[in-house]
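Structure, as C-alpha cells:
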Amino acid sequence: MPYLALSLAMLLWASSFIVLKYVFVFYHPLAVLFARMVIASLCLLPLLMGGRVRWRYQAGDWRWLLAMGLAEPCLYFLFEANALTYTSASQAGVITATLPMLMAIGASLFLREKQGRQVWLGIVLSFAGVIWLSAGSRAGPGASDPVLGNALEFCAMICASGYVLIAKRLSPRYSPLAITGIQTLIGCAWFGLLLLTPWGRWPDNYHWLPSLWVLYLGAAITLGAYGLYTWAVSRIPVARAGAFINLIPVFTVLLAWLLLDERFLPWQGLAGMLVFAGVWLSQRKQA
C-alpha cells in the first residue's frame, strides 16, 4: 500500500506542472497559491473535526512544525511558482530528479538511515533515465530564462527534502492528516500575507475553467498528494520513498502526450522504462 500511495502521489504531482503553467496565464502565482491553500484547508476541515487526527505534542515541537511548514509549502511553492514562469514544465520536471539524492544524503546525515549500494545504484539508474528522457527538451516561448528557472526549481527541491526529513521525524507523534493540516494552515497565512505586499495581485477577472483547475490543485494535489506521500513516508525509509520522485517526469511526458497531443517517441519510452527499472531496483529487497 505505501508503494501504491507513492505512485498515485507522483501522478498527481506530475499533473500539477501542466496545470500550473496553464493557470499562471490567467492568475498571478501568489493568488493561485493562496487559493490552493484555502481550498485544501476547507477540504481538511471535516476530516479534522471527525477526530481522526493523532497529535502528541512534545516540548519544542513547534520549532519542527514551523520549519516543516516554511520548507513546504511556503518556500517550496514560492520557488516552484517563480521557476515555472521562467522555465518549461518539462525542464522543471527534470530538476525533480535531484530530490531522491538530496533526500538520501539528508537521511544519511540526519536520520542515520544506512543506504545500501543497491539503493544508490537504483537512484543513479533512474536519474540517468530522467536525463535521457528530457535530453530533447528545448527552451521555447514558455521558457524565457531556463537557467534561472531551473535554479529556482532546484531550490524548491532542497526545501522539499527538508520537509520530508522533518515529516519523517514527526511521524511517530503526528498522523499524516495532522501534518498535512499544519502545512495548509501555515501556507494560508504565508501566502495570504504575501498577497498584501506590493508583489501580490488579486485577480481582476475570474475564468471558470482556470478556476476549476485551481480547485483541482487545492483538493487533489495539495491535499491528496501530500497526504498520500506523508502517509507512505511514515511507513518506509525516506531514501526508498524518494526514489519514486523520478516517476514524475515519466508521468509528465505521458500526460503531455494524452492531454496536449505531444508525440511519445520510441526513445522516450525506453528512457521511461529505465526510470522504472531504477525505481524497482531501489525497492527490491537485497539478498
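The values are calculated or read from the model by the stated rules, or taken from the named source; none is laboratory data. Please read all numbers here as calculations on a predicted model, not as lab measurements. All Cβ positions, even for glycine, are placed from backbone atoms using ideal geometry, and neighbour counts span all protein chains on display. Accessible surface areas use protein heavy atoms only, side chains included; no ligands, DNA or RNA. Shrake-Rupley method; radii C 1.70, N 1.55, O 1.52, S 1.80 Å.
Structure notes:
- Residues located in the range 13-36, provided they are open to solvent by 30 Å² or more (accessible area, probe 1.4 Å), among the aliphatic types (A, V, I, L, M) and closer than 18 Å to residue 252 by Cα: 18
- Residue check, residue 217 in contact (Cβ under 8 Å) with a residue 24 or more places away in the chain, open to solvent by 20 Å² or more (accessible area, probe 1.4 Å) and either within 24 Å of residue 6 (Cβ to Cβ) or basic (Lys, Arg) (or both): no
- Checked against the criterion of being polar (S, T, N, Q), assigned to a loop (DSSP other than H, G, I, E, B), farther than 29 Å from residue 172 by Cβ and at pLDDT 75 or above, the range 72-87 contains one or more residues that satisfy it.
- Residues in the range 114-130 that are over 19 Å from residue 11 (Cβ atoms) and either of a type in the set (Gly, Ala, Ser) or part of a helix (DSSP H, G or I) (or both): 116, 117, 118, 119, 120, 121, 122, 123, 124, 125, 127, 128.
- The set of residues in the range 91-113 being part of a loop (DSSP other than H, G, I, E, B) and more than 14 Å from residue 241 (Cα to Cα) consists of 112 alone.
- As a summary of the residue check, residue 203 satisfies the conditions (1) open to solvent by 90 Å² or more (accessible area, probe 1.4 Å); (2) at pLDDT below 90; (3) touching a helix residue (DSSP H, G or I) at 6+ places or on another chain (Cβ under 8 Å) except for the one numbered (1).
- The helices (runs of 4 or more DSSP H) located wholly in the range 175-262 include none with 1 or more residues which are touching a His at 6+ places or on another chain (Cβ under 7 Å) and farther than 22 Å from residue 34 by Cβ.
- Unique match (being touching an Asp or Glu at 6+ places or on another chain (Cβ under 8 Å), within 19 Å of residue 230 (Cα to Cα) and surrounded by 23 or more Cβ atoms within 10 Å (Cβ to Cβ)) among 96, 87: 96
- Residues considered: 6, 47. Of these, the only one that is out of contact with any strand residue (DSSP E or B) (no Cβ under 8 Å at 6 or more places or on another chain) and open to solvent by 40 Å² or more (accessible area, probe 1.4 Å) is 47.
- Looking at 226, 216, 163, 174, just one residue is touching a Lys or Arg at 6+ places or on another chain (Cβ under 7 Å) and not small (Gly, Ala, Ser), and that residue is 174.
- Matching residues, the range 266-282, being open to solvent by 50 Å² or more (accessible area, probe 1.4 Å) and either farther than 17 Å from residue 11 by Cα or among the aliphatic types (A, V, I, L, M) (or both): 266, 267, 270, 273
- Whichever residue in the range 156-174 is assigned to a helix (DSSP H, G or I) and among the basic types (Lys, Arg) and, among such residues, is surrounded by the fewest Cβ atoms within 10 Å (Cβ to Cβ): 169
- Some residue of the range 107-124 being buried (at least 19 other Cβ atoms within 10 Å of the Cβ) and within 11 Å of residue 153 (Cβ to Cβ): no
- Scanning the range 26-60 for residues that are in a loop (DSSP other than H, G, I, E, B) and free of Cβ contacts under 8 Å to residues at least 12 places away in the same chain yields 50, 51, 59, 60.
- Of all residues in the range 127-144, exactly one satisfies the criterion of being modelled with pLDDT of 75 or more and under 30 Å from residue 67 (Cβ atoms), namely 127.
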